[in-house]
Ligand SMILES: Cc1cc2nc3c(=O)[nH]c(=O)nc-3n(C[C@H](O)[C@H](O)[C@H](O)COP(=O)(O)OP(=O)(O)OC[C@H]3O[C@@H](n4cnc5c(N)ncnc54)[C@H](O)[C@@H]3O)c2cc1C
């Protein structure tokens, strides 16, 4: 397993449960890639069937995480309210998709939103899609839960060890060469997050992975953002906000910026430009905080994606499985992705989901962007 992010750890967990021996090679420490830089978001409300299915199949693990992994993930159910001031066709399409997949989704007018959440009555959108299932958890605690469990289950963790070469015998991948020596394996799993493109290139594959830099910040308690409101997403202006306990709020959003960045050379610090712009936009969109609401902390990270924003999940060649490119959904999808990786390696059928659309061969043609409600 290359990478001890949430995807590599979840895959290791499922492989151990299936009776395999597992070695995880991680250049740093578990979770120090992108998995602990998230907003902790878990949601059923997506704009593509594959993403809805992946979260539906992962949700039971998140809801029973403490029983399975011995650590309370502090899951908070907020639900999600997707908002638009336009004619609402985009949100109507999302609502139809969600309903067809059995996901609760109420299409609400501005008046209905005000009636349900009087705290939101100053907002002025023409339509909102409210999906009550979903919320956020503490990503540090779930990484810790997975890491502890795979260690206890017998996985070998080679930390501070960097994969530098992928070994092959003819067409078959047979192991890796690292900064600490070589390891052979029946199967190598590329779960290297934002570095998945480097690993696939070492194996001689050309998969168009792209990492895009995104920022988050938390407003101080003084912002007094009410508890009990849903996670708010202004889909027109690409800004979102959720309560973060005791008056604090988490703010994020693309704000029209979605630039590729270099995983070895991106700035992980909150930028003043984005911090100013996102507080300004959130105050205009949601009317709960102010442009000068004080910032408690903020950070930047990479959405480890592909050119069409969907992941690659496949047996890429004999001896190599790829599970990477999850963009803004890698945390929420990790439990079922781990299970699918184990199924691929053990030659078992994959139940409940068709992952053929996640094969890298889709890039042989011009792929279309199927997921339009990412945030
Ligand atoms: C600001 C922000 C907010 C986000 N919010 C959410 C959210 O709310 N919900 C959600 O589901 N997702 C969210 N995401 C996306 C999520 O962070 C990723 O999809 C997810 O973390 C991907 O997990 P991973 O295990 O694939 O990658 P990572 O966690 O990055 O793990 C990959 C690991 O591979 C290791 N590695 C790489 N190359 C090598 C090598 N050569 N040798 C050895 N080890 C190597 C790295 O050190 C790293 O630890 C967010 C991302 C960002 C940046």
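The values are calculated or read from the model by the stated rules, or taken from the named source; none is laboratory data. These numbers were taken from a predicted model, which means no experiment stands behind them. Here Cβ is always computed from backbone atoms with ideal geometry, including for glycine, and neighbour counts include all displayed protein chains.
So here's what we get for this one:
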| read-out | value |
| --- | --- |
| Filter result (closer than 14 Å to residue 81 by Cβ and within 12 Å of the ligand (Cβ to nearest atom)) within the stretch 231-273 | 231, 233, 240, 242 |
| Extreme residue, nearest to residue 158 (Cα to Cα), among residues of the stretch 2-30 that are in a loop (DSSP other than H, G, I, E, B) and more than 9 Å from the ligand (Cβ to nearest atom) | 22 |
| Contacts under 8 angstrom Cβ, first residue in the stretch 128-151 being free of Cβ contacts under 8 Å to residues at least 12 places away in the same chain, partner part of a strand (DSSP E or B) and within 14 Å of the ligand (Cβ to nearest atom), 6 or more apart | 151/157 |
| Selection from the stretch 311-326 of residues that are surrounded by 23 or more Cβ atoms within 10 Å (Cβ to Cβ) and either near the ligand (Cβ under 10 Å from one of its atoms) or not in a strand (DSSP E or B) (or both) | 311, 323, 324, 325, 326 |
| Subset of the stretch 130-167 that is within 9 Å of the ligand (Cβ to nearest atom) and in a strand (DSSP E or B) - its residue that is nearest to residue 113 (Cα to Cα) | 136 |
| Which numbered condition residue 190 misses (of (1) more than 14 Å from the ligand (Cβ to nearest atom); (2) touching a helix residue (DSSP H, G or I) at 6+ places or on another chain (Cβ under 6 Å)) | (1) |
| Any hit, the stretch 116-123, residues being part of a helix (DSSP H, G or I), over 21 Å from the mean Cα position of the chain (by Cα) and without any contact (Cβ under 8 Å) to a residue 60 or more places away in the chain | yes |
| Single match in 166, 107 (criterion: touching a residue at least 12 places away in the same chain (Cβ under 8 Å) and closer than 30 Å to residue 29 by Cα) | 166 |
| Residues of the stretch 297-313 satisfying the condition of being touching a strand residue (DSSP E or B) at 6+ places or on another chain (Cβ under 6 Å) and over 17 Å from residue 38 (Cβ atoms) | 306, 307, 312, 313 |
| Candidate set from the stretch 168-187 (those that are over 20 Å from residue 342 (Cα atoms) and more than 10 Å from the ligand (Cβ to nearest atom)); member that is surrounded by the fewest Cβ atoms within 10 Å (Cβ to Cβ) | 170 |
| Residue 31 touching a strand residue (DSSP E or B) at 6+ places or on another chain (Cβ under 9 Å), within 28 Å of residue 215 (Cβ to Cβ), surrounded by 18 or more Cβ atoms within 10 Å (Cβ to Cβ) and in contact (Cβ under 8 Å) with a residue 60 or more places away in the chain | no |
| Candidates 67, 76, 94 - the one that is more than 12 Å from the ligand (Cβ to nearest atom) and without any contact (Cβ under 8 Å) to a residue 40 or more places away in the chain | 67 |
| Residue within the stretch 93-106 that is assigned to a strand (DSSP E or B) and at pLDDT 95 or above present | yes |
| Conditions (1) loosely packed, with under 14 Cβ neighbours inside 10 Å; (2) at pLDDT 95 or above; number of the one not met by residue 256 | (2) |
| Those residues of the stretch 332-352 which are out of contact with any strand residue (DSSP E or B) (no Cβ under 7 Å at 6 or more places or on another chain) and buried (at least 21 other Cβ atoms within 10 Å of the Cβ), in sequence order | 333, 334, 335, 336, 338, 339, 342 |
| Of all residues making up the stretch 31-55, the number that are more than 6 Å from the ligand (Cβ to nearest atom) and under 27 Å from residue 356 (Cβ atoms) | 14 |
